[in-house]
Amino acid sequence: MLYTLYEAGYYASTPLRLAARATRDFWSSPLNPAKDSEVGRRLFAGADLFANLTRRYGKPAWHIDKVEIDGHDVRVRPTEVWRSPWVKLTHFARDMADMRRAGRRELEPAVLIVAPLSGHYATLLRGTVEAFLQDHEVFITEWQNARNVPVLEGRFDFHDYIDHVREMLRLLGPRPHVVAVCQPGPPVLAAAALMAEDDEECRPGTMTFMGSPIDARLSPTVTNKLAEEKPFAWFKSNMIDTVPAPYPGMGRRVYPGFVQLYSFMSMNIERHQEAHLKYLHDLMDGDGDSAEKHLEFYDEYLSVLDLTEEFYLQTIDYVFQQYLLPKGELTHRGRPVQPALIKDIGLLTVEGENDDISGIGQTQAAHTLCAGLPDHYKEDYVQPHVGHYGVFNGRRFREEIYPRVRAFIRDFEVGFEKTRKAA
């Protein structure tokens with residue numbers, strides 16, 4: 001029913017959308033002598049807004065072809081290094097000749113950024129990737145849209161997610177560093193705990209959790225309260241639908257990305273309304289720069305992907321209703337997950353003072369769970385004046401949060417005992 005309504009709405013608006021595009025093109029054409037008139041700008045602005053609100057948003061491009069390092073431009077090429085039907089592991093390979101010109105001649109630490117599988121594409125972390133590229137070999141998980149994965153590829157659940165994280169860490173070699181942004185916190189911590197228990201050579205050197213619901217019981221937000229108040233059967237009955245034709249994954253049961261997007265937007269509906277109204281006025285006033293910034297943000301924000309039914313429902317159940325990890329009750333393939341067995345993996349937690357998705361304390365809970373770690377292996381930081389998005393993107397992330405993460409990783413590379421005990 002959800003997909004039927006979504007598809008019906010899209011196709012029903014097609015004639016009006018085509019008319020709006022034609023109107024927009026006519027009033028923006030350089031051959032139209034009245035395009036810069038007040039009436040022309042108003043007609044163009046209204047048509048452009050309608051066309052953008054009713055169109056579909058595909059997966060955004062990374063648009064990362066270079067990064068500045070020590071005042072030098074270094075070329076960057078996104079390269080696929082591993083994939084499964086459910087994820088593509090992308091390495092942002094920096095040009096070695098450019099790196100040498102920038103004075104970087106040694107191999108820099110490998111960092112696996114685990115992007116959230118919660119509705120948006122990994123490109124939402126574009127700013128995160130650009131920051132880490134200054135000092136690291138960056139790899140990121142690009143989770144696939146479940147509606148594009150044929151049913152013959154089988155299931156993908158919470159435990160498959162843990163296995164995928166472990167497999168990608170092994171691919172990166174001895175003691176890589178892992179950064180979990182938001183949703184991946186619990187499965188990444190579980191993967192690290194299992195690898196530590198097995199004394200795997202490729203267990204993480206450090207793990208950084210940013211705005212993650214490690215223990216969603218603490219400082220519950222609107223999102224947490226909704227997950228707790230509704231019975232599990234409600235989510236299965238109201239949030240899951242079947243992928244229709246002609247998508248490759250037709251027949252697969254999914255949590256549609258457009259439902260997640262609606263949930264996100266409804267939390268701050270007035271802010272989104274004001275943003276679009278401002279965009280309309282910017283177009284009418286001829287303020288192209290402000291309008292372009294609006295488009296850049298919403299081209300990313302409105303691009304969403306579907307999650308498999310089993311992964312979504314298990315996440316609701318394990319993380320937001322039963323709280324299995326913080327209660328010490330999470331098992332993986334029959335094995336108990338024991339973060340207390342982690343002895344030599346650095347732990348950094350980062351939270352935002354105004355985070356309305358993962359409240360303060362939810363990420364910090366990782367320190368309590370990793371009771372076997374010495375104090376000099378741990379660090380916690382709460383960034384003032386930022387919400388959830390600001391924890392991993394924006395000016396304060398670049399200037400205040402990322403330098404702390406970089407320093408933490410460098411402490412491990414030098415040796416925690418040497419750097420932190422001395423301090």
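The values are calculated or read from the model by the stated rules, or taken from the named source; none is laboratory data. Everything numeric here is computed off the predicted structure, so don't read it as measured data. Positions of Cβ are backbone-derived with ideal geometry, glycine not excepted, and every protein chain shown enters the neighbour counts.
Odds and ends about this structure:
- The sole residue among VAL165, VAL178, VAL188 that is within 20 Å of ALA122 (Cβ to Cβ), assigned by TED's automatic domain parsing to the domain that holds TYR389, assigned to a strand (DSSP E or B) and among the aliphatic types (A, V, I, L, M) is VAL178.
- Listed by first and then second residue, the pairs with beta-carbon distance under 6 Å, at least 6 apart or on different chains, first residue in region 389-407 and under 23 Å from MET265 (Cα atoms), second of a type outside the set (A, V, I, L, M) and not in a helix (DSSP H, G or I), are GLY390/GLY352; VAL391/GLY211; VAL391/GLY352.
- Verdict on ILE342 being more than 20 Å from PRO213 (Cα to Cα), among the β-branched types (Val, Ile, Thr) and at pLDDT 95 or above: no
Table: residues versus (1) of a type in the set (Ser, Thr, Tyr); (2) not in a helix (DSSP H, G or I).
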{"residue": "TRP234", "(1), (2)": "no, no"}
{"residue": "VAL259", "(1), (2)": "no, no"}
{"residue": "PHE264", "(1), (2)": "no, no"}
{"residue": "GLU270", "(1), (2)": "no, no"}
{"residue": "THR315", "(1), (2)": "yes, no"}
{"residue": "LEU324", "(1), (2)": "no, yes"}
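- If you go through region 70-126 and keep only what is assigned to a strand (DSSP E or B), among the charged types (D, E, K, R) and free of Cβ contacts under 8 Å to residues at least 24 places away in the same chain, you end up with ARG75, ARG77, GLU80, ARG83.
Residue-by-condition table, conditions (1) in contact with a helix residue (DSSP H, G or I) (Cβ under 8 Å, 6 or more places away or on another chain); (2) charged (D, E, K, R); (3) in the same structural domain as VAL405 (by TED's automatic domain parsing):
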{"residue": "HIS72", "(1), (2), (3)": "yes, no, yes"}
{"residue": "ARG77", "(1), (2), (3)": "no, yes, yes"}
{"residue": "TRP86", "(1), (2), (3)": "yes, no, yes"}
{"residue": "HIS91", "(1), (2), (3)": "no, no, yes"}
{"residue": "ASP95", "(1), (2), (3)": "no, yes, yes"}
{"residue": "ARG104", "(1), (2), (3)": "no, yes, yes"}
{"residue": "PRO109", "(1), (2), (3)": "yes, no, yes"}
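- All conditions but one from (1) farther than 21 Å from ASP199 by Cβ; (2) touching a Lys or Arg at 6+ places or on another chain (Cβ under 9 Å); (3) among the hydroxyl-bearing types (Ser, Thr, Tyr) apply to THR363; the one that does not is (2).
- Some residue of region 347-355 being buried (at least 20 other Cβ atoms within 10 Å of the Cβ), of a type in the set (Asp, Glu) and assigned to a loop (DSSP other than H, G, I, E, B): yes
Here's the yes/no breakdown for (1) among the polar types (S, T, N, Q); (2) outside the structural domain of THR223 (by TED's automatic domain parsing); (3) more than 23 Å from ARG94 (Cα to Cα):
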site: TYR121; (1), (2), (3): no, no, no
site: GLN134; (1), (2), (3): yes, no, no
site: ILE140; (1), (2), (3): no, no, no
site: GLY173; (1), (2), (3): no, no, no
site: ALA193; (1), (2), (3): no, no, yes
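- Single unsatisfied condition, CYS202 versus (1) of a type outside the set (D, E, K, R); (2) more than 13 Å from VAL114 (Cα to Cα); (3) in a helix (DSSP H, G or I): (3)
- Annotation: GLY173 fulfils all but one of (1) under 18 Å from the mean Cα position of the chain (by Cα); (2) at positive phi; the unmet one is (1).
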